[in-house]
Amino acid sequence: MTYSKEVQEMVCVKKGAKHGPAPIPEEGKWVQAKEIKDISGLTHGVGWCAPQQGACKLTLNVKDGIIKEALIETIGCSGMTHSAAMAGEILAGKTILEAMNSDLVCDAINTAMRELFLQIIYGRTQSAFSEDGLPIGAGLEDLGKGLRSQVGTIYSTEEKGVRYLDMAEGYISKLALDKDNLVIGYEFIRLGSMMEMIGKGVSANEALEKCRSTYGRFDGAQLYIDPRHK
């Protein structure tokens, strides 16, 4: 350690009270985090790329400073999906400090990692007050049945109005309109469940019908339209 001449000639003043870091809530405990291994928690966050053409929702489950589980969901440019695949391999097993200083391929994923890093080290996690936190696998459970991201895709024009394309329930196959051409319901297909059935040997048509459901006043509509073609 090198000290300047001015510091070397200073009188040594003893330090009084020695305060540690402020405790943060972690998995049902209050922790004075001094090292990376003192950090635990599960949290979600969103990042975006510099031109704001895409976004990433990142979920991390950290135990003793190490990322044990990562869920990466992207929307925007097509390249982001491939970046997510690479980031998924990179993140698991790294400390959150290593991950913070790793190139996660996509700017949006890097930004999401930065935002999550801040949340985790400040104790702003989903599991902050959950005793022992959430088990590894909790991030996957967020996707629900069919293991698909919750996607909302809505398109509209002033001339022709709104078209629902994807909702939390699934792929929208029909819109139901009333006598004033207002949307009063829709038919949707649970694509994740449908693909699971097909994978188990159910025919595609049978799986399609079993995974077809409706929402709202669908049965009482005056008109049904295909939101992608009409």
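The values are calculated or read from the model by the stated rules, or taken from the named source; none is laboratory data. Computed from a predicted model, the values in this text were never measured in an experiment. Every residue, glycine among them, receives a Cβ derived from its backbone with ideal geometry; neighbour counts consider all protein chains shown.
Condition test on residue 39, is it farther than 18 Å from residue 151 by Cβ and surrounded by fewer than 22 Cβ atoms within 10 Å (Cβ to Cβ)?
Working: farther than 18 Å from residue 151 by Cβ: yes; surrounded by fewer than 22 Cβ atoms within 10 Å (Cβ to Cβ): no.
Spelling it out, it is not the case that residue 39 is farther than 18 Å from residue 151 by Cβ and surrounded by fewer than 22 Cβ atoms within 10 Å (Cβ to Cβ).
Note on segment 68-89: among residues that are among the aliphatic types (A, V, I, L, M) and surrounded by fewer than 20 Cβ atoms within 10 Å (Cβ to Cβ), the one that is farthest from the chain's Cα centre (by Cα) is 86. For the residues 75, 90, the requirement of being over 20 Å from residue 40 (Cα atoms) and out of contact with any Pro (no Cβ under 7 Å at 6 or more places or on another chain) singles out 75.
If you scan segment 44-66, which residues turn out to be farther than 13 Å from residue 115 by Cβ and among the charged types (D, E, K, R)?
Initially, segment 44-66 is screened for residues farther than 13 Å from residue 115 by Cβ, giving 49-54, 61-66.
Selection gives 63, 64.
Scanning segment 161-183 for residues that are of a type outside the set (Lys, Arg), assigned to a loop (DSSP other than H, G, I, E, B) and at negative phi turns up 168, 169, 178, 180, 182.
For the criterion of being over 18 Å from residue 140 (Cβ atoms), of a type outside the set (Phe, Trp, Tyr), crowded, with 19+ Cβ neighbours inside 10 Å and modelled with pLDDT of 95 or more, residue 110 passes. In this structure, does residue 24 turn out to be surrounded by 16 or more Cβ atoms within 10 Å (Cβ to Cβ), touching a Leu at 6+ places or on another chain (Cβ under 6 Å), hydrophobic (A, V, I, L, M, F, W, C) and closer than 22 Å to residue 98 by Cα? Spelling it out, it is not the case that residue 24 is surrounded by 16 or more Cβ atoms within 10 Å (Cβ to Cβ), touching a Leu at 6+ places or on another chain (Cβ under 6 Å), hydrophobic (A, V, I, L, M, F, W, C) and closer than 22 Å to residue 98 by Cα. Pairing residues of segment 64-87 that are under 19 Å from residue 27 (Cα atoms) with residues that are surrounded by fewer than 15 Cβ atoms within 10 Å (Cβ to Cβ) and hydrophobic (A, V, I, L, M, F, W, C), at Cβ distances under 7 Å and at least 6 apart in sequence or on separate chains, gives 68/136; 69/136.
Can you tell me which residues in segment 196-230 are of a type in the set (Lys, Arg) and in a strand (DSSP E or B)? So that I can check it myself, show each step before the final result.
Of segment 196-230, the ones of a type in the set (Lys, Arg) are 200, 210, 212, 217, 228, 230.
Across segment 196-230, the qualifying residue is only 212.
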